[in-house]
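Since the structure comes first, as structure tokens, the remarks are kept for the end.
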């Protein structure tokens, strides 16, 4: 038995379907922002302390005799710690850049359409969808 095809989604039809749709898209965007920052906070609370703990002897050396060569070699000889800290820094910078772009220039059209399609799917599934109570209530 063939599954019914999802009807094509036109963003103009979605925007005009009811007044609460734009608010629901905004709520989903807010949830996306909170999710990304929660992920970054978890990285800094879980991965960064482990990496810094591994570098504790190097950090003690840096406090006594700080040189950039000591930092370079300390990070070079602790590659997993370096990778972990670099990942934390990179994810923080990526989220800051993404959010700054959205604040300064607004959401790009593809991202706006993705959010609209996701809200449409949440509405179709109804209260059984995990995001229903945060987006549609």
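Within the set of pairs 6+ apart or on separate chains, which have a first residue in region 34-46 that is touching a residue at least 60 places away in the same chain (Cβ under 8 Å) and on the phi < 0 side of the Ramachandran plot, a second that is surrounded by 14 or more Cβ atoms within 10 Å (Cβ to Cβ) and assigned to a helix (DSSP H, G or I), and C-beta atoms under 6 Å apart? Final answer for the pair search is 36/95. Close Cβ contacts (under 6 Å, 6 or more residues apart or on different chains) running from residues in region 91-102 that are closer than 10 Å to residue 33 by Cα to residues that are assigned to a helix (DSSP H, G or I) comprise 95/36; 95/40. Restricting the search to helices (runs of 4 or more DSSP H) fully inside region 1-108 and requiring at least 1 residues that are within 30 Å of residue 122 (Cα to Cα) and modelled with pLDDT of 95 or more gives 20-54, 79-105. Applying the set (1) surrounded by 10 or more Cβ atoms within 10 Å (Cβ to Cβ); (2) on the phi < 0 side of the Ramachandran plot; (3) in contact with a helix residue (DSSP H, G or I) (Cβ under 9 Å, 6 or more places away or on another chain) to residue 106 leaves exactly one unmet item: (2). When region 75-90 is filtered for residues that are closer than 27 Å to residue 35 by Cβ and surrounded by fewer than 16 Cβ atoms within 10 Å (Cβ to Cβ), the ones remaining, listed by number, are 80, 83, 86, 87, 89, 90. For region 120-133, the criterion of being modelled with pLDDT under 95, in a helix (DSSP H, G or I) and either more than 20 Å from residue 19 (Cα to Cα) or touching a strand residue (DSSP E or B) at 6+ places or on another chain (Cβ under 8 Å) (or both) is met by at least one residue. Restricting the first member to region 125-137 and to residues that are without any contact (Cβ under 8 Å) to a residue 12 or more places away in the chain, and the second to residues that are assigned to a helix (DSSP H, G or I) and surrounded by 14 or more Cβ atoms within 10 Å (Cβ to Cβ), the beta-carbon pairs closer than 7 Å and six or more apart or on different chains are 126/132; 129/122; 132/122.
The values are calculated or read from the model by the stated rules, or taken from the named source; none is laboratory data. Since we're looking at a predicted model, the values are computed, not measured. Heads up, the Cβs are rebuilt from the backbone with ideal geometry, glycines too, and the neighbour counts pull from every protein chain shown.
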